[in-house]
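Heads up, the thing below is written out as structure tokens.
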Amino acid sequence: MKTNDIMARLRAKYPGESEYLQAVQEVLESIEEVYNQHPEFEKAKIVERMVEPDRIFSFRVTWVDDKGEVQTNTGYRVQFNSAIGPYKGGLRFHRAVTPSMLKFLGFEQTFKNALTTLPMGGAKGGSDFDPKGKTDEEIMRFCQAFMWELWQCIGPDQDVPAGDVGVGGREIGYLYGMYKKLARQYNTGVLTGKGATWGGSILRPEATGFGALYFTQDLLHHAGKDIKGCKVALSGFGNVAWGASTKALELGAKVVAISGPDGVCEIPDGITPEMIDYMLVMRASNRDRVEDMATRFPDKARFTPGKKAWSVPCDIALPCAFQNELSEDDAKELKANGCWCCCEVSNMGCQPGAIHFFQHNGILFAPGKAVNAGGVATSGLEMTQNAEHISWSGKEVDEKLHFIMKSIHEQCVKFGTQPDGSVDYVKGANIAGFMKVAQAMLEQGTV
Ligand code: 2IT
């Protein structure tokens, strides 16, 4: 296998699918050496098969807004790979959603899910619907119209969607309500991220952020460092940023910046539990403005329009928002301001130039598919509880999540340790995830 040849073919076949091509290139570069030591992979054309989604559903979603006007969006479900289990992955509602974006996310999800140790294949879906400025009633009508098409593609043993950007507990509720009406199936396991009283797992809302901080803690320990007293800058103010801030505070770190599409809020004395609670209000408002934090807490937070969280001096940077949100220039600014660690919590949050800069300038770096896997792992735990018709305590779920994050860190160390003793977490995560999926595909024959 030669990465350059495969990439040239994919670029010609899928011109303009930049996120998808970027995600594939990153994985192929990391696994090329290991892959070429396995002639059986080459013979079965594992890579050529693995970079193509199993299938993509695309559908029109028509709904009526509050003014009575008819609106049309496009919905998708990309079922990427089922080698190690039923399709599993979130739904993203964002104006920029395209097949390329969902293919990149589905591809990443396949390896991430393999890292969790649980039997889940990879998928992603969503729509170019923009939740910004929409009322609760409009969100509900859109979710119902979306499920009208999606319900035939999913099922508890087939494909289990969850939330992602723009899809949280409220949206999962509306989607689940409509699923039951259409399918006349009452198995809670068809979606994860549900409410605690109707099949949801305790700690699922917190899990992505909590898991990310458990992973960061392990990474720091491995490097002989401690998170206590560290200054953390993070991007976003949604579900992931909320969970990450909560756990960062609990572990004794100080969150000095959060951000949004409108700019950054600097918080010199560190975020407080009250401010973390307010993130939920900001998310539910659909205003998509981080400035609201500074308006609500003028003594604590200082808003600067147009700036990113990466302009604020910190020890640890945690991208928690969107792909490619941290550029090479941002990486340089972070280093110049004293940052020495970046754990990517968003999927593909760092641009390739930023990762390269971190890795060649002694900054600890770990990729999203390892750092943020606690979210989907806890979705897997929700599926287990649903299948058994039981509900575990918060303590039980937290212990399992902690164990899974530890095991992901160990897999990264196993496959990513370099001759000088440092760990290349990108390589480690990609090789560990790839080997598991590749082996499963090989054993299941040419399908
Ligand atoms: O990117 C992700 O892993 C998610 N959005 C969560 C997916 C899931 O099925 O819980």
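None of the figures in this text is laboratory data; all of them are computed from the coordinates on show. Quantities reported herein were computed from a predicted structural model and do not represent experimental measurements. Note that we place each Cβ from the backbone using ideal geometry, even for glycine, and neighbour counts take in every protein chain shown.
Observations on the structure shown:
- Taken over the stretch 155-197, the alpha-carbon convex hull comes to 69 cubic angstrom per residue.
- Peptides 182-193, 349-360, 267-278 ranked from most to least packed give 349-360, 182-193, 267-278, packing being the mean of other C-beta atoms within 10 angstrom over each peptide's residues.
- Candidates Arg77, Arg55, Arg283, ranked by Gaussian network fluctuation over the chain, Cα under 10 Å, top entry: Arg55
- Within the stretch 155-301, percent of DSSP bridges classed antiparallel, to nearest 5: 65 percent
- Mean sequence separation of contacting Cα pairs (under 8 Å, at least six apart), scaled by the length of the stretch 173-304, corresponds to a relative contact order of 18 percent.
- Kirkwood analysis of the Cα pair distances in the stretch 300-430 returns a hydrodynamic radius of 16.3 Å.
- Most mobile listed residue (Ile258, Ile227, Ile390) in the chain, GNM with C-alpha springs under 10 Å: Ile390
- DSSP H segments from the chain that extend 30 Å or more along their own axis, Cα-based, with Kyte-Doolittle mean of -1.0 or above: 394-416
- Mean silhouette area of the chain, derived from the convex hull of its C-alpha atoms and averaged over all directions, reads 20.6 nm².
- Loop-resident sites, the stretch 1-102, for GluC sites (Glu not before Pro), counting at most 10 other Cβ within 10 Å (DSSP): Glu69
- Comparing Gln25, Gln109, Gln71 in a Gaussian network model of the chain where C-alpha atoms under 10 Å apart are linked, the largest mean-square fluctuation is found at Gln71.
- Using the rule -39500 (n - 2.57) for each DSSP H run of four or more residues, divided by the residues of the chain, the 222 nm mean residue ellipticity is -15000 deg cm²/dmol.
- Per-peptide packing, taken as the mean over residues of other Cβ atoms within 10 Å, places 237-246, 318-327 in the sequence 237-246, 318-327 from highest down.
- For the chain, averaging the sequence separation of C-alpha pairs within contact (under 8 Å, six or more residues apart) and dividing by the residue count gives a relative contact order of 15 percent.
- Only Lys, Arg (+1) and Asp, Glu (-1) charged, at Cβ; the stretch 59-131 dipole about Cα centre in debye: 300 debye
- The HN-Hα couplings worked out from phi for the stretch 116-128 by the Karplus form 6.51 cos²θ - 1.76 cosθ + 1.60 (θ = phi - 60°) are 5, 6, 9, x, 9, x, x, 7, 7, x, x, 7, 7 Hz, whole numbers, x standing for Gly and Pro.
- Highest average packing first - 290-300, 79-89, Cβ atoms within 10 Å: 79-89, 290-300
- Treating r as the C-beta distance of Asp277 and Asp329 and R0 as 25 Å, the FRET efficiency rounds to 0.15.
- FRET efficiency for the pair His38 and Thr74, taken as 1/(1 + (r/R0)^6) with r the Cβ-Cβ distance and R0 = 25 Å, rounds to 0.05.
- Relative to the Cα centre, the charge distribution of the chain, modelled as +1 at Lys and Arg Cβ and -1 at Asp and Glu Cβ, gives a dipole magnitude of about 520 debye.
- Share antiparallel - DSSP beta bridges, the chain, percent rounded to 5: 60 percent
- Residue by residue, the stretch 54-64 carries 3J(HN,Hα) couplings of 4, 6, 10, 9, 9, 8, 7, 10, 10, 8, 10 Hz when phi is fed to the Karplus relation 6.51 cos²θ - 1.76 cosθ + 1.60 (θ = phi - 60°); x denotes Gly or Pro.
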